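S.K.: One structure, as structure tokens, below. Some questions next.
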Amino acid sequence: VQLQASGGGLVQAGGSLRLSCAASGRTFSNYAMGWFRQAPGKEREFVSTISWNGGATFYADSVKGRFTISRDSAKDTVYLQMNDLRPEDTANYYCAASPRRVPPIILDPYEYWGQGTQVTVSS
């Protein structure tokens, strides 16, 4: 059972990236999917989450209006479109899956985690 995050990279401030999180080994179509990030020396923090059917989404205040989460159930993949990136968005980004119907904005309810993909935003 794996969640594979990809799409990270180096981008200038104001640029965009799209992260992907693909499931393998099982389906996560009935799971809420979340994105978290962790910068060096800091705790892992919530970024965004989407319900199992895509009907509910939540965002951290720091990314609201700039990031968009979506999912493609047919591909069992979740995306995080990141626009207007800022240096403070630099972190390792992780995707995670939770069986809860209401997508959680904290770490504990997430049972499966991907390996992370690095996003670096230069000023």
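S.K.: Within the stretch 63-73, is there a residue that is of a type in the set (A, V, I, L, M), in contact (Cβ under 8 Å) with a residue 12 or more places away in the chain, under 16 Å from residue 17 (Cβ atoms) and not in a strand (DSSP E or B)? Write out each step before concluding.
M.R.: Within the stretch 63-73, the subset of a type in the set (A, V, I, L, M) is 63, 69.
Still in the running and in contact (Cβ under 8 Å) with a residue 12 or more places away in the chain: 63, 69.
Subset that is under 16 Å from residue 17 (Cβ atoms): 63, 69.
Cutting the leftovers down to not in a strand (DSSP E or B) gives us 63.
Yes: one or more hits.
S.K.: Can you pull out every residue in the stretch 86-101 that is open to solvent by 60 Å² or more (accessible area, probe 1.4 Å), assigned to a loop (DSSP other than H, G, I, E, B) and farther than 21 Å from residue 22 by Cα?
M.R.: Pass one, the stretch 86-101, residues open to solvent by 60 Å² or more (accessible area, probe 1.4 Å): 86, 88, 100-101.
Checking the rest, the ones that are also assigned to a loop (DSSP other than H, G, I, E, B) come to 86, 100-101.
Selection gives 86 alone.
S.K.: Out of everything in the stretch 1-20 that is part of a strand (DSSP E or B) and not hydrophobic (A, V, I, L, M, F, W, C), what residue ends up being farthest from residue 82 (Cα to Cα)?
M.R.: Filtering the stretch 1-20 down to residues part of a strand (DSSP E or B) leaves 2-6, 9-12, 17-20.
Next cut, not hydrophobic (A, V, I, L, M, F, W, C) only: 2, 4, 6, 9, 12, 18, 20.
Numbers: 2: 23, 4: 18, 6: 13, 9: 12, 12: 12, 18: 6, 20: 11 Å.
By that ranking, first place goes to 2.
S.K.: Determine the pairs where a residue that is polar (S, T, N, Q), located within the stretch 78-94, has a partner that is assigned to a strand (DSSP E or B) and open to solvent by 40 Å² or more (accessible area, probe 1.4 Å) with Cβ atoms under 7 Å apart, the partner being 6 or more residues away or on another chain.
M.R.: 81/18; 81/68; 90/120; 92/38; 92/118
S.K.: Please work out which residue is farthest from residue 109 (Cα to Cα), limiting yourself to the stretch 22-54 and to residues that are among the small types (Gly, Ala, Ser) and open to solvent by 70 Å² or more (accessible area, probe 1.4 Å). Break it down stepwise before answering.
M.R.: Here is the first cut: in the stretch 22-54, the ones among the small types (Gly, Ala, Ser) are 22-25, 29, 32, 34, 39, 41, 48, 51, 54.
Still in the running and open to solvent by 70 Å² or more (accessible area, probe 1.4 Å): 25, 41.
Working: 25: 20, 41: 23 Å.
Only one residue tops the list, namely 41.
The values are calculated or read from the model by the stated rules, or taken from the named source; none is laboratory data. Quick caveat, the model's predicted, so the values are computed rather than measured. Cβ sites come from the backbone with ideal geometry, for glycine too, and all protein chains shown count toward neighbours. Only protein heavy atoms, including side chains, enter the accessible area calculation; ligands, DNA and RNA are left aside. Shrake-Rupley method; radii C 1.70, N 1.55, O 1.52, S 1.80 Å.
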